[in-house]
Structure formats: structure tokens, C-alpha cells
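Participant: Before we start, here is the structure in question, set down as C-alpha cells.
Taken together, the values in this text are just the output of simple stated rules run on the coordinates, not laboratory data. Being a predicted model, the structure only gives us computed values, none of them experimental. Here the Cβ positions follow ideal geometry from the backbone for every residue, glycine too, while neighbour counts run over all protein chains shown.
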């Protein structure tokens, strides 16, 4: 079989249905439809709105941190304690409660059933419980702002011993609530995650072979598998640390003198926690990045009117990256005091990941090559993603290469790197995805002018925030510092001009943060007053654009499920009448020769 | 075509920023110039890739911009091109990884003749230990730590008797010879960080960690903590002094041994009580939490403190006088000022030391 045969089988027909179509049970009450809904599309919106709301809080915290860094002491309630509490809550909310929840709970729920041609997730009730547990976890997390001592200030990595000792703010109530919230999040996520995996494996419509699935689904599916395997490590470390904290066990606690007091702990290992945390924490990076990869593949292909280049290699790259992400975790621990010989192994595995990741970047760019590129707002964000991801991916090679990590670890180089690669580029992917699928979700287009304004300020602004920050790190500025000038003044090597960089970064951050209000207003405004979108405004091939109604109703596809006859990327097929052929169109004379 | 122009500007701007930025590596003061070399190699390879892919993307966006009368190519796969790109990437990765691992092999291999020094971290200050005349550290245990044995040495270990214990805020090292820094923490994670020597390592309670370097430049360097260690993290400072061997030996002679400290012969610093108090405040790490200039800290500032009426967490108020200061040094959690956490460790000081510290406090209170 030639490699260019993208239908992968000779089936121009879909096999007949084995069971008769059965009508779903439709809820009759308003509560059943919109609140305790079992419809994956509503659950997706609930996840997304909750995630964005809590994300706004995390954004506000980051602005407060930036103000302190630019103008130390300007805001009186930012003290050394509240500063590291803000650092902690900002990081944890953004990584877990915003990005993970939004990509998997939000986009996963909305897109999986629609794109594989299913009526809903396979376990709708469990899916509903998943959201309510997530909401509960968020509320517990927020409650920690109101307990004595406030939220934990141990950094989002929650490293013991400091997380549970009195020299760190929130070492009592704060860290306990954090552990409980994470535990509930993991349980809730597991319910959702099993749903996504089983739906992809079992509920694809007739003809939707695995190698015909859109890359978005491949990516979300793989990310979910990673999450199901990685989150248990977080769960057990949260439980073990809580036992150390509340019952006095010593999993992570050696003999310690804390602020002059001998503690009863002995024999535990703080490094053990770090291994468990990063066994979760590194796959977590890909739990966020892979869905972004998939979404970007979709966006670039649709708006360049060209098939994604190297589909099969793209699928394998996703799977290989997912697999490798479980054997690189200790590259976060090169200077943690673990056996230094581990450095050889983890540097090698880490740099191997660069290969499939680079392939993905090449293939996005090669998809643009000889395309017919429409610079719609989703496409702008997709290109912004590729640009920032290249930057963030390359600085990962610096930090993965163990010897270079030694001087750079725990500096602003690390902060700049991980923000570029797992904050800037994924959030650009999120925005691109929202502009792309909003017409399907609401039936109306988002306002184009506001969208373009939002893109330009966000893309250029974010780059101006994080690119210069790398150089502060190379200079040596350590992260998680309330103020660079301690009691003894600035370190000798810290020039006054570096403080100017901090001021510039903060100004850019305030501008970018403010412009997100335009985006929120656009979401609100266009829901009722946007231009009607029709069913398939971008001329896309995948099944979610072929629904009978827009927005799709409960059950997604009306009376009959679609059958799939081709891969997801039949754009600009030579000889075809239109420049796209939907996946549910059988081969025929108007579809050119390639099918 | 705004997008194309902006992409090109960002690429050019990034490259220019790299070359024109005054914010780059601090002048190196150790043997680890090789780390800087690998960093440079990585910058060259990654910089090339960054420029090449982004300019190619910008060109593609320009050349294949939307036209009504044109259709995109249909090109699902190109096996040859994909293999070439994979091979090219693999070669680039090896070119960066291989030299990196070679230097790492040197990093993990501590020279046999390295001089030993131990850095001990605790919230939020540093102390140091030298092995003394016998060149061997005495054994330590966190359980041994007490008011009279701050370093936790085993009193029965003969190797420990001549260990030199430095509770001052400075560590001195001679230039030119390799130094193995062993690291120990009494409480939480810390990280011994001097940007100019490039190498660093975490301090982990319950473990002895280490790294090595050879000082190559005479001077004084700030020691910072690079691993979040609680409220006073950003203030956990010390100084590293690199000097000629003779100067180093002279300084070393002034440091007390463990045996001397056990016998009650401490290093009595001369000077007025205020000067002694200032020395104590630095040695005890007070400045990590208490500022002298009125700025917010983990604990109340010392500026304007004496004679002030402070409100306590139980709502009552107290006049800050000698008695309150001494009580708060010896038993800090008895009367905690409102707005602050009860996290100050009690200090173990003799009466004359207390007097000196209080004298110093009054002098800076103003």
C-alpha cells in the first residue's frame, strides 16, 4: 500500500449498523437540561466556564505578583507570605484547575462525541458527577483563602518538608485543603477520563477507524490516558503528605529541627515526594500540551485549506511523546540531590522527546506550504501557537541537557521556559479553539474585529513578557523571590537595569491581562448578537460540522448517526467540486480521484 | 500581510535582543567555563532552528496567502522528506547532548584532592564547617542539635573535635584548588547558589548532598538560596570570600573548633556592644525577617521599634522595652505582634550577648 493512500482501506462503504438506533432519554426539566445535565456538550460548557472563572482569579494573582516584582512594596497587602501564597495558587490553578480541566473536561467533552460520531459520552451520569466533583474541588481550593493562615505558600510543587512546617504560610489548614481539593479533583477527573477513553475506543460511528480520527481526538485521547496513569501518583503523594502532616507519619519527613524545635519525625525522604510529584508532573505537561497539538493540527489544516501533512507520523508522534513523557520526570530534579548518575539517563530520554516534537512542528509548517491560507482569527492564534511553541520547545533543550540545567535551574529562565511552552502556547491554542468552535457551540460567529485586536495584543504582549525573562534567568535571578533586594540590598551582580526589565514585563502583563476582558465581552456579546454562522462556516470536513442542527441538540446528530467514508483531512482534493469533502460523504464522481 | 511582517520582526528582534542585551551570564569565577561553552553551542543550534523555521513559516504564509482562484496542493505524506527531517533533527540533538553529557561526567566526578567544606542551611541563614587539622569531618546527627551543639556533631567522635564551626555569615575559600561542598539542612530544602560559580545543589534534610568547583577569581560573592524554603527564602543570604591561600589560612585560624566551643571558649568578637550586637544579628540570621529600613518583612521591622506600642495577636498591647525585647528573643512566641505568624525560633544567648543585641536594636531603631 502506498503511503499516500490516506483512506487506509478499500472501504468506500461503511458497514451496516449492528443494532438499531435507539432514542436517548431526553431530560424534561430545566434543571435536568442545564444544571444536572448529562449531555456532554452542557457538561463541557460547565467545565469551561468554571475553569475560566477560576483562571481569571489566577490571572489576577499573577498581576499582583508582577506589581510586587516591578515596584516592590507598592501594594501593602503583598507581604513575603502572601507573595508566595499567590505564587502557589496561581501555578496550581493555572496548571490543574484551568488548563487540565479546560482541555479535557471542556474540549474533550464537547468534541469527542461530536468528532467520533457518537450521540454522547458512553457513561453520561458518571460524566455529570465528574463535573460536580471538579466544582467541589475548586470550591475547597478557594475556601483555603478564608481559613486561618490562608492558602499554602509552598509553591505549586508543594515540596515537603516546608509545605507542612510553620515557616511556610498555610502549613496548617492551607496545605490540608490543597491536598483534599487535589484528591477530589483526581477522583472527578478519573470519572471523566474513563468516559473519554471508552467513548473513543467503543463509541465511534460506522467507518470511523482509528486512523481516520481527527488529530484533535487522537491528542485528547492520548492526554487522557496519560492523565489516568499520572494522576494517581499525585493522589498518593497528597495522601501521604497529609498523613505526615495530620497523623505524624514520616513518609517524606526525616529528623528535623524546625525553628528550634526537635520534631518527632524520622527516616522519611523529601526526595521521594519529588519523584512521585514529577512522575505526575511531567506527564501533566503533555496532558496540557497534547490537546493543544491536536487542536492546532485541526486549525491549521482547516484554515490553510490543505490536508495535514504526514497524518500517520503525527499520530505516532503523539503516541510516542505520550509514552516517553513517563520516563523523563527526573529532569525536574537534576539539582535535587538525587543520585547524580541519573542525570545521564534522564538527559538522554528528555532530548529524545525533542525528535517527535520537532516532527510535529515541521508538519504544521509543511501543512502551510502550498496551502491556500486564510488568516481567520483561529488561524492567527494557531500561527501564534507555532511561533511561541518553537521558542518554548527550544529552551526546553537547554534545561533538559543536564549540565546546562545546573546554572539555570530555579532561575527565571525556568519560569520563562515553562510559561512559554505550557502557558503561552496552550492558551493561544485555547483561544484559537474557542474562535474556531464557538460558531458550532452558539450558532453565531465571534466578532472579527475584537478577535483580531485580542489576538495581536495577546500574542505580541505575551512574547514581550516571556522572551526577555529568559535573560534575567541567564543573569542568575532566582525565582520565587518576594524581592531581589533582600535585607542586604541587591546582589552584587544584579544591575539596576535588570529592574527595568521587570518593570517592562509587568507593564506588558497588565496590558495583556486587561485585554482578556475584550475577549470575555466578545463571548458575551456575540452569543446573541454575532453574525449567524450556519452549520459549517469554515468549510471543515470533520463530523461536528455536519450536524443536522447548529448548535447540535441532545443526541448530536438527529435521527441517524453519520457514516464515515474517509479521513478527516480531505481538503482541496484534485478534481473535487468543493475544496473540502466531509468525512461522511461517500466516494462519488464529484469527489475527485483521491478518495 | 501584517502577520508576516510581525513574525519577521519578532525573529529579528529576538536575535538582536540576544546580542545586544546587557543581561547575560555573570563573569565566571570557577572552573566551569565548559558549562558556558555548552550553553553557547546550544544557543547556536537552537537559534539557527528558531530563525530557520519561523522565517520559513513567514515565507509560506506570504507565498500561499489566500486567493480565490487557487487551490491548495493535495499532499498527504512525503516519506522521503519526513525521514530527512527526522535524521537532521536527531543529528542536531546528538550534537547538543553528547558534549553536555561529557561535561556532566566531569561534574559528577569529584577530584580526589578536593578540599572539604560543609554548608549547613536552616530557615533562613547559613553556617559552615571545615574538617580541621585531620581533614575528616566528625559525624553528625540532627538529634544531637541543641542549644550548646548548634551543628549537631557527635560529641564522642574524635574526628569531630577539631572541626571548625563557622556561625558567621561568611565562608572563605582559597583560590586555585578544587573544593567539594557537602550540604546539609536542619529543616527544609535549600539550595546553595552563587551564580558566578555556575554549579549548585539542593540541601535536603536527612541527606548529605554535594557538588564541587574550583574557585578561579579572588573576590566576594553573594550566596543565595535557590530552593523555596518558606517566608524568608528571598532573604537567606551569606557571603563567599575567595582569597589567597595565606589569607585563607589566617582567617581559618580565627574560627573556633568544636572542642573549644564545648569547653565554652567561643570566638569573642571585640568591639563595642553595638558592634557585637550587629555581628550577632547577622550570625543568628535575624535580618532574614526583620528589616532595618521599615520595609515589610516576615517579622516586624526594627526601624522605630523601641518605645513603640505594639498590638498583639490576642488584641492586647505591649510597650516595646528592654524586657519585652529580651523576652521576644528568648521566647518569641509568648507575645506575637498582630499580623505576623508565630514562626520565630528561640535564640540561645548569654546575658552579655543579649545586652549587646538589645543595644544594637536600640541603635537601629532610631
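Participant: I'd like to compare A:414-424, B:306-316: which one has the highest average count of other Cβ atoms within 10 Å, and what's the full order after that?
Facilitator: The packing order, highest mean first, is A:414-424, B:306-316.
Participant: Ok, one more. Taking only C-alpha pairs under 8 Å that are 6+ residues apart, what is the relative contact order of region B:142-269 in percent?
Facilitator: 28 percent.
Participant: Output the antiparallel fraction of DSSP beta bridges having both residues in the protein assembly as shown, as a percent to the nearest 5.
Facilitator: Percentage antiparallel, nearest 5: 75.
Participant: If R₀ is 51 angstrom, what is the calculated FRET efficiency for the pair residue B:252 and residue B:317, using the beta carbon separation as r and rounding to 0.05?
Facilitator: Once rounded, the FRET efficiency stands at 0.55.
Participant: Next up: Run lengths n ≥ 4 of DSSP H only: what is the helix-derived mean residue ellipticity at 222 nm for chain A, with -39500 (n - 2.57) per run over all residues, to the nearest 500? Before the final figure, lay out each step's value.
Facilitator: Numbers: 15 runs with 328 residues, N = 595.
It comes out at -19000 deg cm²/dmol, rounded to the nearest 500.
Participant: Taking chain A as the reference, fit the longest principal axis to its C-alpha atoms, fit the long axis of helix A:377-400 to the helix C-alpha atoms, and give the angle between the two in degrees, 0 to 90, nearest 10.
Facilitator: The angle comes out at about 40 degrees.
Participant: Sticking with this structure for a sec: Give the average, rounded to an integer, of partner chain Cβ atoms located within 10 angstrom of each Cβ in A:330-342.
Facilitator: 4
Participant: Under 10 Å, Cα contacts only: if you run a Gaussian network model on chain B, which one of B:66, B:74, B:210 comes out with the highest mean-square fluctuation?
Facilitator: Sorting by GNM fluctuation, first place goes to B:74.
Participant: Sorted from largest down, what three extents in whole angstroms do the Cα atoms of region B:271-310 have along their principal axes?
Facilitator: Dimensions of region B:271-310 along the principal axes of its Cα atoms: 30, 22, 14 Å.
Participant: Take chain B, compute every pairwise Cα distance, and split them into 10 Å bins from 0; I just need the percent in each bin.
Facilitator: Result returned by the calculation: 4, 18, 23, 19, 13, 10, 7, 4, 1, 0.
Participant: Still on this structure: Just to be sure I understand the curve: with the Debye formula and one point per C-alpha of region B:130-268, what is log10 I(q)/I(0) at q = 0.09, 0.10, 0.15, 0.16 Å⁻¹?
Facilitator: Taken in order of the listed q values, log10 I(q)/I(0) reads -0.28, -0.35, -0.82, -0.95.
Participant: Something else now. Measure nothing but the geometry: give the 0 to 90° angle between the long axis through the Cα atoms of A:80-92 and the longest principal axis through the Cα atoms of chain A, rounded to 10°.
Facilitator: Value to nearest ten degrees: 20.
Participant: For A:157, B:209, A:222, which order do you get if you count the other beta carbons within 10 Å of each Cβ and list the fewest first?
Facilitator: Fewest to most other Cβ atoms nearby, the residues stand as A:157, B:209, A:222.
Participant: On a 0 to 90° scale, report how tilted helix A:448-475 is relative to the longest principal axis of chain A, with both axes built from alpha carbons and the result rounded to the nearest 10.
Facilitator: Value to nearest ten degrees: 40.
Participant: Before rounding to the nearest 500, sum -39500 (n - 2.57) across all DSSP H runs of length at least 4 in chain B and divide by the residue total; then give [θ] at 222 nm in deg cm²/dmol.
Facilitator: Helix-only estimate at 222 nm: -11500 deg cm²/dmol.
Participant: Now for a separate question. How long is chain A along each principal axis, judged by its Cα atoms, biggest number first, in Å?
Facilitator: Computed over the Cα atoms, the extents are 82, 51, 48 Å.
Participant: What is the distance, in nm, between label points placed 7 Å from the Cα along the Cα-to-Cβ direction at residue A:243 and at residue A:488?
Facilitator: It works out to 4.2 nm between the two label points.
Participant: Modelled label-to-label distance, residue B:324 and residue B:274, 7 Å Cα→beta-carbon offset: nm?
Facilitator: Result: 2.3 nm between the two label points.
Participant: Quick check: convex hull over the Cα atoms of region A:438-510, volume per residue in Å³, rounded to an integer?
Facilitator: Taking the convex hull of the Cα positions in region A:438-510, it is 120 Å³ per residue.
Participant: Compute the relative contact order of chain A as a whole-number percentage, counting only Cα pairs closer than 8 Å that sit 6 or more residues apart in sequence.
Facilitator: Relative contact order here is 16 percent.
Participant: Related question: Test of understanding: in a Gaussian network model of chain B with alpha carbons linked when under 10 Å, which of B:245, B:112, B:327 would top the mean-square fluctuation ranking?
Facilitator: Answer for the Gaussian network model of chain B: B:112.
Participant: Continuing with the same structure: Between residue A:56 and residue A:456, what FRET efficiency follows from the Cβ-Cβ distance if R0 is 22 Å, with the result rounded to 0.05?
Facilitator: According to the calculation, E is roughly 0.55.
Participant: Give the Debye-formula value of log10 I(q)/I(0) at each listed q (0.15, 0.23 Å⁻¹), with one equal scatterer per alpha carbon of region A:430-553, two decimals each.
Facilitator: Here the Debye-derived log intensity ratios amount to -0.76, -1.24.
Participant: Continuing with the same structure: Over its Cα atoms, what ratio of radius of gyration to 2.2 N^0.38 Å does region A:494-595 give? Please list the in-between numbers first.
Facilitator: Details: Rg = 23.0 Å, N = 102, 2.2 N^0.38 = 12.8 Å.
Here the answer is 1.80, to two decimals.
Participant: Please sort A:198-207, A:468-477 by packing, taking for each peptide the average over its residues of neighbouring beta carbons within 10 angstrom, highest first. Before the final figure, lay out each step's value.
Facilitator: On the way: A:198-207: 18.6, A:468-477: 23.9.
Ranked by mean Cβ neighbours within 10 Å, highest first: A:468-477, A:198-207.
Participant: By how many nm would the segment from residue A:500 to residue A:262 lengthen if fully extended, with 0.36 nm per residue of separation less the alpha-carbon distance?
Facilitator: 81.3 nm
Participant: I've got another one for you. When each pair of different Cα atoms in region B:248-366 is counted once in the 1/r mean, what is the Kirkwood radius in angstroms, to one decimal?
Facilitator: It works out to 15.5 Å.
Participant: If you don't mind, another one. Based on the Kirkwood radius over alpha-carbon pairs, what is the Stokes-Einstein translational diffusion coefficient of region A:165-221 at 20 °C with 1.002 mPa s viscosity, in µm²/s?
Facilitator: Numbers: Rh = 14.3 Å.
The diffusion coefficient I find is 150 µm²/s.
Participant: Report for chain B the percent antiparallel among DSSP-assigned beta bridges with both residues inside it, nearest 5.
Facilitator: In chain B, approximately 75 percent of DSSP beta bridges are antiparallel ones.
Participant: Considering Cα pairs under 8 angstrom that are at least six residues apart, work out the relative contact order of chain B and quote it in whole percent.
Facilitator: This gives 14 percent for chain B.
Participant: Right, something else. Would you please state which residues of region A:453-471 a label at residue B:16 would reach in this model, taking the label point 7 Å out along Cα→Cβ and a backbone N cut-off of under 19 Å?
Facilitator: A:460-471
Participant: Of B:11, B:320, B:171, which is the most mobile in a GNM of chain B whose springs link Cα atoms less than 10 angstrom apart?
Facilitator: The residue with the greatest mean-square fluctuation here is B:11.
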